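The values are calculated or read from the model by the stated rules, or taken from the named source; none is laboratory data. The shown structure was predicted, so the numbers you read here are calculated from the model rather than taken from an experiment. As a convention, Cβ positions derive from the backbone with ideal geometry for all residues, glycine included, and neighbour counts pool all protein chains shown. Note: accessible area is taken over every heavy atom of the protein model, side chains too, but ligands, DNA and RNA are not part of it. Shrake-Rupley method; radii C 1.70, N 1.55, O 1.52, S 1.80 Å.
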Amino acid sequence: MFIQFKTVSKLNQLVNTMSKLCFDERVVVVTGAGAGLGKAYALLFASKGAKVVVNDLGSSRHGDGASRVADTVVSEIKSQGGQAVANYDNVLDGDKIIKTAIDNFGRIDVLVNNAGILRDKSFARMSEDDWDIIQNVHVKGAMRATKAAWPYFKQQKYGRIIFTSSNSGLYGNFGQANYSSAKMALVGLANTLAIEGQSSGINTNVIVPTAGSRLTEDIVPADFYNQLKPELIAPVVAWLCHEDCTENGSIIESALGWAGKCHLIRSNGSILRKSLKDSLTPETVRDNWDQVTDMSTAKRCESIAEATGELMNVIEQLSSSKTSDSSSSRSFDPKYTIKYTYDVKDAILYALGVGATTKNPDDFQYLYENHENFSVVPSYFVIFGPLGALGSDMLVTALPNLGEINIAGILHGEQYLKVLKKIPTEANVETRFRIQETLDKEKMAVILIEHETIDVKSGEKLAVGQMAGVIKGAGGFGGPRNSDHEVPLIDAPKRNPDISVTQQTCVDQAAIYRLASGDMNPLHIDANISVMGGFERPILHGLCSLGFATRHILQTFARGDTELFDCVKARFVKPVIPGQTLRTDMWREGKRIHFQTIVVENNSPVISGAYIDLKDVKLGNQTSKL
Ligand code: NAD
């Protein structure tokens, strides 16, 4: 991982609009505001109408002694007609600083953690005292002040927090092991508070300043020092702390009237073994090191969910490469292969089957072959999984002791599909299947079936997938309960959905979908069979609901662009009766869109633990803030 910049080129524009930003009725606490940057912040906030607590211990640059330097700043604010009160506490007594705000002004809205000192020494000469005092002032002090302010922010559902980091932390600097580690700790603290405070209107950001102050006076050349005015950073901090600013969890570097956003990026990396069962040697790591460290296609993970979600992809790839080994027991059996030719009419019928309608202009690209973006709804290739598995004796092969399988007791439990190439609008394809594992879930058997679809003409692999077939009442045969082949489900974030799309299915949805998908299982049309399967009425195919969700997500987060679809994973938990209304609830985490599908009529989830990974996100007006 390393750090990347994105220049915020509109700083001038930002400064021009500052005149319209005010902090009337806001109470701002700035720590270490007796000098340098903190003083510039305090003066600017006060000039914009804020009531300011000017905290400063008045210590030396190395943290020794104390003085009432805060008084000077308070006097200056008052002489200009502003409101301010001094506080002389050490930031380690953060609760007293926040109490000063509450006692004098009755509230707190903004906390700028700025106080800081230096104890520079090479690591070899650095004492534990040098280490501890730096960690205490910068990290523990900022934590304590923030901890004291946090309940007020939570209660009023509003707060703005700034932590002050440093280039020394982001990049390292000789002689500053104590300081750089403390400054980087503040980045981690801000990252987490940005997440924990989000639902309470608390925004937390990090400023990385470069300014002329007593901390830098003997480090930078005099001419440069004179240009590095703290007053040129204060407007950036003020904007980050304004109620109109939605920035949260960002690192903003600033100096000289320039500001830029900075974040961690990660290389694509390299999978260093062939399958989940292979071990890894240092030699293999060495041999792949160039690829591990190749930053040419590096990118940012927006969240821990995205970062770890990508690790799930590694598991998938290792799982599929495991079964791609040449051992004959693992190879695809030609007996379980279907060949299928489809054309634009089939693609359009599938789109109708998954709810595309001429009432929705966004659906035309799936329904009209002359549309400039005519394309196939990417979930189309899921149909070739069940089609092959159910139309063969595969399940009997997987469970030889089962005898005759009651077809009504077979359910499609989960589905994973990854599209590797843009889905052609017409093609001659071949889909191959193989059983990966048969799992014993006590009350049911779960058969993991891997499938891959090849374009016969080009020989290219178009899609790979995994379906989990559930056979009710067939468990208890002594098989394994879990398998490392399973592509895992991932729970949606624990917050309200970012956005939902609602659409009613039509009463003939299952009848249409049977034709569209070729999945003629009578469970979906024959009332007698559905009763045998334990359902009052014929039910909709789970994959049909999945197609609805795929359309909804593509239209919400990719402006319908099917080429941005990467993969989908879903669990089918309850049936849908044709005619019921489906609501797709969506949560965006980077390029991963978690979703669940709910039947609106009974508020019952029918798809859960699901996500679609997009290759990129294209937001529209409605979703620009997601
Ligand atoms: P400064 O020395 O001018 O101001 C820091 C103020 O913090 C001082 O007035 C000091 O008395 C006060 N302070 C120190 N320890 C305190 C404590 N325990 N409790 C309360 N107040 C205390 O330095 P500055 O350059 O304005 O630095 C402000 C912040 O910016 C610091 O956190 C510093 O590490 C950070 N920073 C500065 C630069 C830069 O270029 N100046 C670069 C990166 C980060």
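Among the residues of the stretch 93-108, is any under 23 Å from residue 231 (Cα atoms) and within 13 Å of the ligand (Cβ to nearest atom)?
no
Select from the stretch 478-498 the residues that are among the small types (Gly, Ala, Ser) and either under 11 Å from residue 594 (Cβ atoms) or within 24 Å of the chain's Cα centre (by Cα) (or both) and list them in ascending order.
Within the stretch 478-498, the subset among the small types (Gly, Ala, Ser) is 478-479, 483, 492.
Within the stretch 478-498, 492 is the sole residue that qualifies.
With the structure loaded, tell me whether residue 10 is of a type in the set (D, E, K, R), out of contact with any His (no Cβ under 8 Å at 6 or more places or on another chain) and modelled with pLDDT under 50 or whether it fails that test.
Numbers: of a type in the set (D, E, K, R): yes; out of contact with any His (no Cβ under 8 Å at 6 or more places or on another chain): yes; modelled with pLDDT under 50: yes.
Judged against the criteria, residue 10 is a match.
Condition test on residue 484, is it among the charged types (D, E, K, R), in contact with a Pro (Cβ under 7 Å, 6 or more places away or on another chain) and over 23 Å from residue 367 (Cα atoms)? Give the derivation first.
Details: among the charged types (D, E, K, R): yes; in contact with a Pro (Cβ under 7 Å, 6 or more places away or on another chain): no; over 23 Å from residue 367 (Cα atoms): yes.
No, not satisfied.
Which residues, counting only those in the stretch 42-64, are more than 9 Å from the ligand (Cβ to nearest atom) and surrounded by 24 or more Cβ atoms within 10 Å (Cβ to Cβ)? Talk me through it step by step, then tell me what you get.
Step one: filter the stretch 42-64 for residues more than 9 Å from the ligand (Cβ to nearest atom), giving 42-54, 62, 64.
Hits for the stretch 42-64 are 42, 45, 46, 50, 51, 52, 53, 54.
Among the helices (runs of 4 or more DSSP H) contained in the stretch 167-235, which hold 2 or more residues that are crowded, with 21+ Cβ neighbours inside 10 Å and near the ligand (Cβ under 9 Å from one of its atoms)?
Numbers: elements: 167-171, 177-197, 222-227.
Because the criterion is at least 2 residues that are crowded, with 21+ Cβ neighbours inside 10 Å and near the ligand (Cβ under 9 Å from one of its atoms), the helices (runs of 4 or more DSSP H) in the stretch 167-235 that meet it are 167-171, 177-197.
Give me the pairs: first residue in the stretch 53-72 and farther than 10 Å from residue 89 by Cα, second residue within 8 Å of the ligand (Cβ to nearest atom) and assigned to a strand (DSSP E or B), beta-carbon distance under 8 Å, and six or more apart or on different chains, which are they?
Listed pairs, sorted by first residue: 70/55.
Could you please find all residues in the stretch 510-543 being under 19 Å from residue 598 (Cα atoms), open to solvent by less than 40 Å² (accessible area, probe 1.4 Å) and part of a loop (DSSP other than H, G, I, E, B)?
535, 538, 539, 540, 541
What number of residues within the stretch 67-81 are within 15 Å of the ligand (Cβ to nearest atom), of a type in the set (Ser, Thr, Tyr) and either crowded, with 19+ Cβ neighbours inside 10 Å or in a helix (DSSP H, G or I) (or both)? Walk me through it before giving the result.
Pass one, the stretch 67-81, residues within 15 Å of the ligand (Cβ to nearest atom): 67-74, 76.
Subset that is of a type in the set (Ser, Thr, Tyr): 67, 72.
Those left that are additionally either crowded, with 19+ Cβ neighbours inside 10 Å or in a helix (DSSP H, G or I) (or both): 72.
Residues meeting the conditions: 1.
Condition first: more than 15 Å from the ligand (Cβ to nearest atom) and not aromatic (Phe, Trp, Tyr). Can you find one or more residues in the stretch 114-122 that meet it? Step through it out loud before you land on a result.
First pass over the stretch 114-122, keeping only residues more than 15 Å from the ligand (Cβ to nearest atom): 121-122.
Now narrow it down to the ones that are not aromatic (Phe, Trp, Tyr): 121-122.
Yes; the residues of the stretch 114-122 include at least one that is more than 15 Å from the ligand (Cβ to nearest atom) and not aromatic (Phe, Trp, Tyr).
Condition check ((1) among the small types (Gly, Ala, Ser); (2) surrounded by fewer than 21 Cβ atoms within 10 Å (Cβ to Cβ)) across all residues:
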{"site": "582", "(1), (2)": "no, no"}
{"site": "590", "(1), (2)": "yes, yes"}
{"site": "593", "(1), (2)": "no, no"}
{"site": "596", "(1), (2)": "no, no"}
{"site": "600", "(1), (2)": "no, yes"}
{"site": "606", "(1), (2)": "no, no"}
{"site": "615", "(1), (2)": "no, yes"}
{"site": "618", "(1), (2)": "no, yes"}
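Would you check which residues across the stretch 260-307 are open to solvent by less than 60 Å² (accessible area, probe 1.4 Å), aliphatic (A, V, I, L, M) and under 27 Å from the mean Cα position of the chain (by Cα) and list them?
265, 272, 276, 292, 295, 298, 305, 307
Can you tell me which of 21, 43 is modelled with pLDDT under 95, of a type in the set (A, V, I, L, M) and under 25 Å from residue 102 (Cβ atoms)?
Details: 43 fails: modelled with pLDDT under 95.
The match here is 21.
Given the criteria in contact (Cβ under 8 Å) with a residue 12 or more places away in the chain, open to solvent by less than 10 Å² (accessible area, probe 1.4 Å) and not aliphatic (A, V, I, L, M), does residue 94 qualify? Write out each step before concluding.
Values: in contact (Cβ under 8 Å) with a residue 12 or more places away in the chain: yes; open to solvent by less than 10 Å² (accessible area, probe 1.4 Å): yes; not aliphatic (A, V, I, L, M): yes.
Yes, satisfied.
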